[in-house]
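Read through the structure below, which is laid out as structure tokens, and then see the notes.
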Amino acid sequence: MKSYAVIPLTLSVFFTQNAFAACDNPVSNATAELSNTTVCVGSSPNWEHQEEHYSNGDLWDYKKGPSDPIDPSEDLGSWEATGSVVTYNYGSAPYIFTLHKSGSSTYEFCNGTAPIVSGATLTGIGSGC
């Protein structure tokens, strides 16, 4: 039997496509950017993260989808945003990052000027990345 550890997107991935990214282009409204989207990190078919950000603050890991019998979607916790600041609560201490636009369709989650996640893309909710 396989077991999957859910590790927060914001802590577990130090996936950077550009080691010199300066986190210098914060979004003005992270709520508008992230509401009802799936944050995709990695690449197909081996996505590292597929976190669904619902507008009501719910946060889900899409995995292989809600109807998959082996690896269904899972409730991770909650999220909220003010300005460019995004706060994640996975049931323990909150994790706080700023959301930055790093290209025409890519984003960075940053801690100060350090990118924690780079190359993230956004897609709709319900179909995974």
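Values as computed for the structure displayed
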quantity: Any chance Asp68 is at pLDDT 95 or above, over 25 Å from Asp24 (Cα atoms) and either of a type in the set (D, E, K, R) or touching a Pro at 6+ places or on another chain (Cβ under 6 Å) (or both); calculated: no
quantity: Selected residue [surrounded by fewer than 18 Cβ atoms within 10 Å (Cβ to Cβ), at pLDDT 95 or above, farther than 19 Å from Thr123 by Cβ and touching a Leu at 6+ places or on another chain (Cβ under 6 Å)] from Ser28, Ser78; calculated: Ser78
quantity: Count of segment 31-74 residues which are assigned to a strand (DSSP E or B), farther than 17 Å from Thr106 by Cβ, of a type outside the set (Asp, Glu) and out of contact with any Ser or Thr (no Cβ under 6 Å at 6 or more places or on another chain); calculated: 1
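The values are calculated or read from the model by the stated rules, or taken from the named source; none is laboratory data. It should be emphasised that the depicted structure is a prediction, and the values quoted were computed from it without experimental measurement. Quick reminder, even Gly has a Cβ in these numbers, built from the backbone with ideal geometry, and neighbours come from all protein chains shown.
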